[in-house]
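The values are calculated or read from the model by the stated rules, or taken from the named source; none is laboratory data. Values in this document were obtained by computation on a predicted structure and should not be read as measured data. We place every Cβ from the backbone using ideal geometry, glycine too, and count neighbours over all the protein chains shown.
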Amino acid sequence: MIKLISKTALLSVFVAFSMMKSQSVKEILNQEGSFRKDTIFSIKSDSKETYLPVTIIKGKEKGSVFTIVAGIHGYEYPPIVAVQELLNEIRPENIKGSLIIIPIANVESFQKRTPFINPLDGKNLNTAFPGSSNGTPTDQIAHLITKEIIPNSTIFLDIHGGDASEDLLPFVCYYNRKDIPENTKKAHDLSLKSGIQYVVSYSYTLTPTEPAKYAFKEATQQGITALSIEAGKLGTVQKDNVDLIKTAVYNMLENSGNSVKRKSKMVNQKSIVLLNQQDYIRVPEDGIFYSELKSGDKVKKNQILGYITDKFGNKKHDIVSQTNGIILYKVGTPPVNKGETLFCIGYNE
């Protein structure tokens with residue numbers, strides 16, 4: 001006789017995989033044999049419940065642990081769809097070492113189609129790290145990834161894209177942590193081997209006690225080789241960006257030694273463009289944004305990039321570039337709010 005179990009009952013069962021059980025991922029990784037295991041970590045805060053799905057794929061041979069995370073922002077669809085396809089394609093027999101895969105880190109944002117924030121608590125998971133074990137759902141998800149996933153990783157890859165309002169140029173990026181040059185070099189090399197044309201390095205100035213805010217910056221702070229892919233835009237699924245992400249992941253897995261079977265290769269790759277500085281232009285005032293530029297466009301210092309009007313169509317501000325560079329991402333929809341990033345322009349110093 002088949003007994004149906006309600007969603008509520010399932011969530012109560014998932015409490016057994018509580019985030020407080022700090023060694024569960026490590027215990028799975030230490031199990032013998034080659035396997036795939038799908039696991040649910042339950043998260044409860046007051047009357048609000050959610051969960052974090054995690055897949056662990058272990059190969060026959062020992063090796064490094066490569067972690068892949070998608071869906072920290074649930075409205076960034078190309079990374080999520082790409083990782084769904086990877087889950088269906090990757091087999092344990094083709095892996096050396098292990099993979100930890102979080103297919104959707106922010107399940108509630110994904111299911112409720114909510115840009116940037118978790119609708120359970122209104123917080124942005126991408127600014128919540130290292131999180132808290134007794135905070136809101138977003139705090140607890142960040143804490144779980146910080147304590148359970150990152151320390152068990154050799155390489156940590158966080159995949160993002162352009163959210164509902166963001167027009168974004170695909171790029172791969174890492175933090176230039178100079179006191180651990182071997183990790184920075186590994187992240188740099190994996191970026192170059194990804195097949196993605198634009199490679200961005202960010203400065204790293206965190207002290208050991210400062211909150212990292214971002215997932216792959218938290219991994220960098222913990223001394224893990226960490227990097228991020230950005231591909232996709234405006235809250236839609238583009239097949240070319242899904243394919244680009246998958247190809248980049250397969251290239252990285254091959255070059256990290258975690259893949260024993262070549263899946264795909266980038267052909268006719270354009271010359272790599274390295275960008276080591278970023279200029280962030282913020283929205284000066286709420287309003288309506290107009291610009292004919294798009295991500296990937298080159299801009300010059302003192303160039304007018306667009307303008308902002310009030311609700312009556314009166315021009316309030318010209319937006320002017322402070323540097324020569326290339327638009328990595330920009331607001332791609334009319335409404336803008338004071339303080340938001342309007343443009344991110346990458347350049348070399």
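Of the residues ILE159, ILE229, ILE180, the single one that is over 17 Å from ALA70 (Cβ atoms) and modelled with pLDDT of 95 or more is ILE180. Residue selection: PHE41 fails the criterion of being buried (at least 22 other Cβ atoms within 10 Å of the Cβ), closer than 20 Å to GLY257 by Cβ and in contact with a Leu (Cβ under 6 Å, 6 or more places away or on another chain). For region 88-114, the tally of residues that are farther than 21 Å from ILE43 by Cβ and surrounded by fewer than 21 Cβ atoms within 10 Å (Cβ to Cβ) stands at 7. Would you check if LYS213 is surrounded by fewer than 17 Cβ atoms within 10 Å (Cβ to Cβ), of a type in the set (D, E, K, R) and under 18 Å from ASN126 (Cα atoms)? So LYS213 fits the description; yes. Collect the residues in region 123-140 that are within 14 Å of the chain's Cα centre (by Cα) and surrounded by 20 or more Cβ atoms within 10 Å (Cβ to Cβ), keeping them in residue-number order. Once the filter is applied, which keeps residues that are within 14 Å of the chain's Cα centre (by Cα) and surrounded by 20 or more Cβ atoms within 10 Å (Cβ to Cβ), region 123-140 yields LEU125, ASN126, ALA128, PHE129.
Hey, can you tell me all the residues within region 155-176 that are over 17 Å from the mean Cα position of the chain (by Cα) and either farther than 30 Å from SER295 by Cα or buried (at least 23 other Cβ atoms within 10 Å of the Cβ) (or both)? Selection gives nothing.
You will find that of ILE101, ILE155, the residue that is within 20 Å of PHE35 (Cβ to Cβ) and of a type in the set (Val, Ile, Thr) is ILE101 and no other.
Restricted to strands (runs of 3 or more DSSP E) entirely inside region 142-247, those with at least 1 residues that are in contact with a strand residue (DSSP E or B) (Cβ under 9 Å, 6 or more places away or on another chain) and among the acidic types (Asp, Glu) are 155-160, 166-168, 225-230.
Please tell me if SER153 is closer than 19 Å to ILE28 by Cβ and touching a Lys or Arg at 6+ places or on another chain (Cβ under 7 Å). No; evaluated as a whole, the condition is false for this residue. Out of region 135-187, which residues are in contact with a His (Cβ under 9 Å, 6 or more places away or on another chain) and over 29 Å from TYR329 (Cα atoms)? GLY135 - this is the single residue of region 135-187 that is in contact with a His (Cβ under 9 Å, 6 or more places away or on another chain) and over 29 Å from TYR329 (Cα atoms).
Under the condition of being in a strand (DSSP E or B) and either more than 21 Å from the chain's Cα centre (by Cα) or at pLDDT below 95 (or both), the residues counted in region 305-349 number 16.
Across region 185-200, the qualifying residues are those that are among the polar types (S, T, N, Q) and buried (at least 21 other Cβ atoms within 10 Å of the Cβ), and the one among them that is nearest to LYS147 (Cα to Cα) is SER191. Can you find a residue in region 231-248 that is touching a Gly at 6+ places or on another chain (Cβ under 6 Å), crowded, with 23+ Cβ neighbours inside 10 Å and closer than 24 Å to ALA142 by Cβ? Looking for residues that are touching a Gly at 6+ places or on another chain (Cβ under 6 Å), crowded, with 23+ Cβ neighbours inside 10 Å and closer than 24 Å to ALA142 by Cβ, one finds at least one in region 231-248, hence yes. The selection criterion, being closer than 25 Å to SER256 by Cβ and under 14 Å from the mean Cα position of the chain (by Cα), does not hold for PRO151. Report yes if LYS233 is among the basic types (Lys, Arg) and not assigned by TED's automatic domain parsing to the domain that holds THR333, otherwise no. Considered against the rule, which asks whether it is among the basic types (Lys, Arg) and not assigned by TED's automatic domain parsing to the domain that holds THR333, LYS233 comes out as yes. For region 278-291, the set of residues classified as in contact with a Leu (Cβ under 9 Å, 6 or more places away or on another chain), in a loop (DSSP other than H, G, I, E, B) and not hydroxyl-bearing (Ser, Thr, Tyr) consists of VAL283, PRO284, listed by residue number.
Examine region 289-304 for a residue that is on the phi > 0 side of the Ramachandran plot, surrounded by 14 or more Cβ atoms within 10 Å (Cβ to Cβ) and at pLDDT 95 or above, and state whether such a residue exists. There is at least one residue in region 289-304 that is on the phi > 0 side of the Ramachandran plot, surrounded by 14 or more Cβ atoms within 10 Å (Cβ to Cβ) and at pLDDT 95 or above.
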